[in-house]
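The values are calculated or read from the model by the stated rules, or taken from the named source; none is laboratory data. Note that this is a predicted model, so its numbers are computed, not measured. As a convention, Cβ positions derive from the backbone with ideal geometry for all residues, glycine included, and neighbour counts pool all protein chains shown. To get the accessible areas, we keep the full protein, side chains included, count just its heavy atoms, and leave off ligands, DNA and RNA. Shrake-Rupley method; radii C 1.70, N 1.55, O 1.52, S 1.80 Å.
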Amino acid sequence: MKININWKLFGILLITTVITTLMVLPYTLALSPALAEVFTPLVLIAQLIQTLVIFSIAIFIGLILAKRVGFKLPILEGWLEGKEIRSYFKSILGISIGLGVFAGVIIILVSFIFTPVSSIFQNAEISVPLWKGFLASFYGGIAEEILLRLFLMTLIVWIIFKIKKTADRKPTDSGIWLAIIISAVIFGLGHLPITGTITSITPLIVVRAILLNGIGGIIFGWLYWKKGLESAMIGHFSADIVLHVIFPFVLTLLI
């Protein structure tokens, strides 16, 4: 099996994950005071080492398999190849931001179904300074998209592709949709550890996490499929700005 990987692209993605991992820490520690009590320089070093290992593997596999199933990072790849990317960036900006904001609003509206459970998270959210929520949005938009879309969704599409493909040897639409849904569910479950520092994990909390985060995961997965990973990143970042900056700000005005 021939391995062909763009190491410059690999390096850019890995560096951004390390940076955004540091950027999300103020938000995480503010949201979970119990975690802040045990957070030491040694824990930070361990966290960074873990980030390097996990994301190195995820990016490496993701970049290899993305080529095999037809997924792309058109803006970063084009920039590294010296191509004109401004027009494409402009073409995806509106739909990426629009769907991201839409995802954030829908998540907020659906969360009211789970009242009063959601009020626990809303109270925790408004206790965090807005600038910390802003910084955390970069982690969601970049690191989580690399892990959940570039790696996980691509891997699932590739596995399904090896089982069933179209006549012209491409992934089937149904296979891609299945991968989008599976990765969205795992995306939701991945939020349970931080949720557990705020409230007890119950079946209702699990359902809430899967449903709310799954909404975003499906939208971001579609953007990755149709427009490229950068589009999913912009969409995710926009949704997180709504959830972690705009919505908490509005709540503080209403209280």
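Using only helices, what value at 222 nm comes out for the chain when you add -39,500 (n - 2.57) per DSSP H run of length 4 or more and divide by the total residues, to the nearest 500 deg cm²/dmol?
So the helix-based figure for the chain works out to -24000 deg cm²/dmol.
For the stretch 244-255, 3J(HN,Hα) computed residue by residue from phi via the Karplus equation (6.51, -1.76, 1.60; θ = phi - 60°) reads 9, 10, 5, 5, x, 5, 5, 4, 5, 6, 7, 7 Hz, glycine and proline entered as x. Of the residues 254, 202, 97, the one whose Cα sits farthest toward the positive end of the charge dipole of the chain, with +1 on the Cβ of Lys and Arg and -1 on the Cβ of Asp and Glu, is 97. Beyond a 32 Å Cα-Cα separation, which of these cross-linked pairs lie in this structure: 8/227; 90/164; 132/170; 8/132; 162/226? With Cα atoms farther than 32 Å apart: 90/164; 132/170. Rolling a 1.4 Å probe over the protein heavy atoms leaves residue 227 with an accessible area of roughly 60 Å². Rolling a 1.4 Å probe over the protein heavy atoms gives the chain an accessible area of 50 Å² per residue.
Would you mind getting me the FRET efficiency between residue 5 and residue 42? Use the beta-carbon distance for r and R0 = 35 Å, nearest 0.05. Kindly include the intermediate steps, with their values, before the conclusion.
Details: r = 33 Å, r/R0 = 0.94.
Result of the calculation: an efficiency of 0.60.
Shape class for the stretch 131-236: oblate, because the ratio a/c of the largest to smallest gyration tensor axis (alpha-carbon atoms, square roots of eigenvalues) is 1.5 or more and b/c is at least a/b.
With a ≥ b ≥ c taken as the square roots of the eigenvalues of the C-alpha gyration tensor of the chain, please select rounded if a/c is under 1.5 and otherwise prolate if a/b is larger than b/c or oblate if it is not? Judged from the Cα gyration tensor, the chain comes out prolate (a/c at least 1.5, a/b above b/c).
Coupling constants for the stretch 155-169 follow from the phi torsions by the Karplus curve (6.51 cos²θ - 1.76 cosθ + 1.60, θ = phi - 60°), and in residue order they are 4, 5, 4, 5, 4, 5, 4, 5, 8, 9, 9, 6, 4, 9, 6 Hz; glycine and proline get x. Projecting the Cα atoms of 22, 234, 42 onto the charge dipole of the chain, computed from C-beta unit charges around the Cα centre, puts 234 farthest toward the positive end.
Please list 97, 92, 241, 57 in order of solvent-accessible area, largest first, computed with a 1.4 Å probe with all protein chains present. Provide the component values of the computation, followed by the final result.
Working: 97 70, 92 5, 241 35, 57 95 Å².
Putting 97, 92, 241, 57 in descending order of accessible area: 57, 97, 241, 92.
Our note on the geometry: Cα centres of the stretch 145-165 and the stretch 190-231, 17 Å apart.
Sorting the segments 203-214, 229-240 by their residues' average number of neighbouring beta-carbon atoms within 10 angstrom, most packed first, yields 229-240, 203-214. Basic side chains Lys and Arg get +1 at the Cβ, acidic Asp and Glu get -1 at the Cβ, and with that the dipole of the chain about its Cα centre reaches some 960 debye. Is the shape of the stretch 32-176 best called rounded, prolate or oblate, per the rule: a/c under 1.5 gives rounded, else a/b larger than b/c gives prolate, else oblate, with a ≥ b ≥ c the square roots of the Cα gyration tensor eigenvalues? Prolate is the answer for the stretch 32-176, as a/c is 1.5 or above and a/b outweighs b/c.
Using alpha-carbon pairs under 8 Å, 6+ residues apart, how would you state the relative contact order of the stretch 1-110 in percent?
RCO, the stretch 1-110: 34 percent.
Overall, the accessible surface of the chain at a probe of 1.4 angstrom is composed of carbon and sulfur to the extent of 73 percent. The phi-based Karplus calculation (6.51 cos²θ - 1.76 cosθ + 1.60; θ = phi - 60°) puts the 3J(HN,Hα) values of the stretch 216-226 at x, x, 5, 5, 5, x, 5, 4, 4, 5, 8 Hz, whole numbers, x for Gly and Pro. Distances between every pair of Cα atoms in the stretch 39-106, grouped in 10 Å steps from 0 to the bin holding the largest one, split as 16, 25, 33, 23, 3 percent.
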